[in-house]
C-alpha cells in the first residue's frame, strides 16, 4: 500500500509527524503552517486534518463518510497499534465465514485513496498522547472497539482451560497478542457460555470436523490443535430462554446443519412462559430462531460423531477445578421474571454439573479507558452525543474529539452496523467544521 506507514515502537511520533509529506498536499499550505499563517481547515489550501485511532470497521466507515463529503477537503491518518489494519474483520470473523471478510476490499480502496494514510504499530498512550493528537490534527476520532471482554464473576474463572471468546477467536485468527495462548483440546467436552453470534461461531469451530476448516484461513496452529484434540461434545449455554437468544437466524440455521454434527435441543426448554409468548409475537427474528430450534428438537440425535448441546435457562455459578485446570462447570437452573429491562433470569436453586475441561465465555466485549479521554466505567463507553465526546463535568462536547463504533455505542450489532454509526459521527464532525479549532502544527 503506497499510503501505509509502519512506525516503529518507541519512535518520537509527534516530532516526526509533520515531516511526513502527504500526497497531493500543496507545498504552500505546509509553509503557511510553519510560518503560523491561519488557514481555515477544510479548504484545498488547508485540508481538514483528521486522526482516526483504530483501523477497524468503524474507523474505515467513518473515514469513508468524511471522504464522501462534498466541498470539504480532508486528510485522514488511520492510526492503529497493530502493524496491519482492518481490526475485527481480520481478527474477529470466523474462518468459515469468508464472505463477511470481503468488506476488506472496500477498506482497501479507501486505504489507497491519496487523502488517507495508515500509520501502523503506533499505540495511543505509548507512542503518542492526546496532546500530540490535538497539536497535529483538527479533529480526532477514537474508534478502538472492544479490546477486552466481560467476565462471569464466578469462582474458578482463573483456572487453566477458562478462556474468553475475545482471546480464543483472536488465537485462531493469529492475532499477534494471542499467538501463545494456552489452548488445550484434550478434553472430550467443552462449554461455551452465551448464545450470541460470537458464541455460535466459537461453538461451530469447536464442534465441527477440523477437516472442514482446512480450506479456510484459520491459523495452522489452531487447525493442528483441533485435529489432535478430543472434543466431541460442545455445550452452548444461555441464561434466558429461546425467545431472548441474541444470535441471528442465519447463524443458528448454519449450526443446525453442520455436517457430521448433531444439534441437540431439549424440547422442554423450548416451552414458553406467557411473557415470552408475548415477546415472541413482536419479534420476527425470535420466531425464526424458535422454528429452527423446534425443528432441531424434533430431529434429535442421528448418531453423529460430534454433538452440540444447546441449553436454555441455565447460568454458570462455579468452574470446578482439578490440578489447577477446569474439570467441571456447575450450573443453576433459571426461571424468567419481569425486570426493569425486560425478562431477566433468576436462579431456582436447582443445580447440575457438566463434566467439561474447557470453558469459553462469550458474554460480550468491553472497551477499555483511553488515556486522558472521558470514560463511563459502568457503560463501558466514552460518553458522547451522536459521536461528540462529552465532558463528564459539564455534559458539553469537548471540541475536536469524537468516537465511533463500540467505544461509542457499546458492543452491539454486526460489522455493517458500523457504517451508519460512522456516518453519524462524520456528520457531527462536518457540522462542527465552522467552529473546529485548527491544529497548531
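Taking the criterion of being surrounded by fewer than 24 Cβ atoms within 10 Å (Cβ to Cβ) and closer than 17 Å to residue 260 by Cα, the residues of the stretch 184-203 that qualify are 188, 189. Going through (1) assigned by TED's automatic domain parsing to the domain that holds residue 217; (2) closer than 27 Å to residue 97 by Cβ one by one, residue 156 falls short only on (2).
If you check 236, 255 for being buried (at least 21 other Cβ atoms within 10 Å of the Cβ) and part of a helix (DSSP H, G or I), only one passes: 255.
Please tell me if residue 250 is over 27 Å from the mean Cα position of the chain (by Cα), free of Cβ contacts under 8 Å to residues at least 40 places away in the same chain and assigned by TED's automatic domain parsing to the domain that holds residue 185.
Working: over 27 Å from the mean Cα position of the chain (by Cα): no; free of Cβ contacts under 8 Å to residues at least 40 places away in the same chain: yes; assigned by TED's automatic domain parsing to the domain that holds residue 185: yes.
Answer is no for this residue.
Within the stretch 292-317, being under 22 Å from residue 157 (Cβ atoms) and assigned to a strand (DSSP E or B) holds for 309, 311, 314, 315, 316, 317.
Return yes when residue 270 is modelled with pLDDT of 95 or more, closer than 23 Å to residue 200 by Cβ and buried (at least 19 other Cβ atoms within 10 Å of the Cβ) and no when it is not.
Details: modelled with pLDDT of 95 or more: yes; closer than 23 Å to residue 200 by Cβ: yes; buried (at least 19 other Cβ atoms within 10 Å of the Cβ): no.
Considered against the rule, which asks whether it is modelled with pLDDT of 95 or more, closer than 23 Å to residue 200 by Cβ and buried (at least 19 other Cβ atoms within 10 Å of the Cβ), residue 270 comes out as no.
For residues that are at pLDDT 95 or above and surrounded by fewer than 19 Cβ atoms within 10 Å (Cβ to Cβ), scanning just the stretch 137-157, find the one that is farthest from residue 330 (Cα to Cα). Only one residue fits best here, namely 157. Residues considered: 24, 56, 42. Of these, the only one that is in the same structural domain as residue 130 (by TED's automatic domain parsing), at positive phi and either touching a helix residue (DSSP H, G or I) at 6+ places or on another chain (Cβ under 7 Å) or at pLDDT 75 or above (or both) is 42. The single condition from (1) free of Cβ contacts under 8 Å to residues at least 40 places away in the same chain; (2) farther than 27 Å from residue 337 by Cα that residue 378 fails is (2).
Filtered by the rule that a residue be over 13 Å from residue 64 (Cα atoms) and at pLDDT 95 or above, the stretch 416-428 gives a lone residue, 428.
Grab the strands (runs of 3 or more DSSP E) fully contained in the stretch 318-374, keeping just those with 2 or more residues being within 26 Å of the chain's Cα centre (by Cα), surrounded by 13 or more Cβ atoms within 10 Å (Cβ to Cβ) and in contact (Cβ under 8 Å) with a residue 40 or more places away in the chain.
Values: elements: 325-339, 342-354, 358-361.
So the answer is 342-354, 358-361.
Could you tell me whether any residue of the stretch 423-439 is within 18 Å of the chain's Cα centre (by Cα) and either surrounded by 14 or more Cβ atoms within 10 Å (Cβ to Cβ) or not assigned by TED's automatic domain parsing to the domain that holds residue 167 (or both)? Checking the stretch 423-439: not a single residue is within 18 Å of the chain's Cα centre (by Cα) and either surrounded by 14 or more Cβ atoms within 10 Å (Cβ to Cβ) or not assigned by TED's automatic domain parsing to the domain that holds residue 167 (or both). Within the stretch 392-415, the residues that satisfy the criterion of being within 25 Å of the chain's Cα centre (by Cα), without any contact (Cβ under 8 Å) to a residue 40 or more places away in the chain and surrounded by fewer than 17 Cβ atoms within 10 Å (Cβ to Cβ) are 412, 413.
I'd like to know if the stretch 280-299 contains one or more residues that are in contact (Cβ under 8 Å) with a residue 60 or more places away in the chain, assigned by TED's automatic domain parsing to the domain that holds residue 205 and either more than 26 Å from the chain's Cα centre (by Cα) or loosely packed, with under 14 Cβ neighbours inside 10 Å (or both). So far as the stretch 280-299 goes, no, none of its residues is in contact (Cβ under 8 Å) with a residue 60 or more places away in the chain, assigned by TED's automatic domain parsing to the domain that holds residue 205 and either more than 26 Å from the chain's Cα centre (by Cα) or loosely packed, with under 14 Cβ neighbours inside 10 Å (or both). Checking each residue of the stretch 60-71 against the condition of being modelled with pLDDT of 95 or more, in the same structural domain as residue 430 (by TED's automatic domain parsing) and either closer than 28 Å to residue 179 by Cβ or exposed (fewer than 12 other Cβ atoms within 10 Å of the Cβ) (or both) gives at least one match.
I'm trying to understand the selection: among the residues of the stretch 66-81, which are farther than 17 Å from residue 43 by Cα and in contact with a helix residue (DSSP H, G or I) (Cβ under 7 Å, 6 or more places away or on another chain)? Steps first, answer last, please.
Of the residues in the stretch 66-81, the ones farther than 17 Å from residue 43 by Cα are 77-81.
Within the stretch 66-81, 78 is the sole residue that qualifies.
Per this entry, residue 134 is not counted among residues that are under 26 Å from residue 416 (Cβ atoms) and buried (at least 16 other Cβ atoms within 10 Å of the Cβ). Here is a list of conditions, (1) in the same structural domain as residue 44 (by TED's automatic domain parsing); (2) farther than 21 Å from residue 382 by Cβ; (3) over 22 Å from the mean Cα position of the chain (by Cα), and residue 120 meets all of them except one; can you say which number that is? It is condition (3) that residue 120 fails.
Residue 324: on the phi < 0 side of the Ramachandran plot, in contact with a strand residue (DSSP E or B) (Cβ under 7 Å, 6 or more places away or on another chain) and at pLDDT 95 or above, yes or no? Lay out the reasoning, then the answer.
On the way: on the phi < 0 side of the Ramachandran plot: no; in contact with a strand residue (DSSP E or B) (Cβ under 7 Å, 6 or more places away or on another chain): yes; at pLDDT 95 or above: yes.
Criteria not met by residue 324.
Does residue 88 count as modelled with pLDDT under 90 and either outside the structural domain of residue 214 (by TED's automatic domain parsing) or crowded, with 20+ Cβ neighbours inside 10 Å (or both)? Yes: the conditions hold for residue 88.
The values are calculated or read from the model by the stated rules, or taken from the named source; none is laboratory data. Not measured: the values here are computed from a predicted model. Heads up, the Cβs are rebuilt from the backbone with ideal geometry, glycines too, and the neighbour counts pull from every protein chain shown.
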